[in-house]
Amino acid sequence: MEVQDVMTRQVVTVSEQTPYEEAVELLLTADVSGMPVIDRFGWVVGVVSEADLISKEAYTEPIHRRFLGLIGDSSEAWSAKASGTTVGDVMSQDVVIASPDEDVRVVARRMLEKAVKRTPVVTRSGRLVGIVSRHDLLRAFHATDENSREPNPSYGRLEVSVS
């Protein structure tokens, strides 16, 4: 099965200039957990997720940000995003992408190895054509499993022998 068979084609996107508040509203309205960030040519330049956006509220206290900087806590990256006002300030730029003709299992492995929950799907020229999420993959794998199972006539039946 290929990515194009399971990807979502109607993708909610934002630009780097999209205000933080508007990005939050789009995520909530569309009921998605992340969106590709595209430039004016439709090329993916980042991904903004719920985690990127909640960092603003989670790390707004200046004392907390200063303390994390002193101890070199891994939360420092989240703290740096807290001062962001646009999607470009808070988005993740290290984007894991897939192509429409890739095998879904290969993409699933890549997503697990890179610890991402969604992957923009782009053409060879780099234009966004869809997005595939863990949920999309799970649905595809489940459908494949359902189709490959042999029906078990005794499933759910109790057989009683009389002696």
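The values are calculated or read from the model by the stated rules, or taken from the named source; none is laboratory data. The structure displayed is predicted, hence computed values, not measured ones. Don't worry about glycine lacking a Cβ; one is built from the backbone with ideal geometry, like all the others, and counts go over all protein chains shown.
The set of residues from region 11-43 being within 20 Å of Glu102 (Cβ to Cβ) and outside any strand (DSSP E or B) comprises Val11, Gly42.
Annotation note: of Val106, Val121, the sole residue that is at pLDDT 95 or above, hydrophobic (A, V, I, L, M, F, W, C), surrounded by fewer than 16 Cβ atoms within 10 Å (Cβ to Cβ) and not in a loop (DSSP other than H, G, I, E, B) is Val106. Could you tell me whether Ser83 is loosely packed, with under 12 Cβ neighbours inside 10 Å and either modelled with pLDDT of 80 or more or not aliphatic (A, V, I, L, M) (or both)? So Ser83 fails the test.
Results for (1) within 11 Å of the chain's Cα centre (by Cα); (2) modelled with pLDDT of 90 or more; (3) more than 17 Å from Gly46 (Cα to Cα), shown as yes or no for each residue.
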{"residue": "Leu112", "(1), (2), (3)": "no, yes, yes"}
{"residue": "Val116", "(1), (2), (3)": "yes, yes, no"}
{"residue": "Arg134", "(1), (2), (3)": "yes, yes, yes"}
{"residue": "Arg149", "(1), (2), (3)": "no, no, yes"}
{"residue": "Ser154", "(1), (2), (3)": "no, no, yes"}
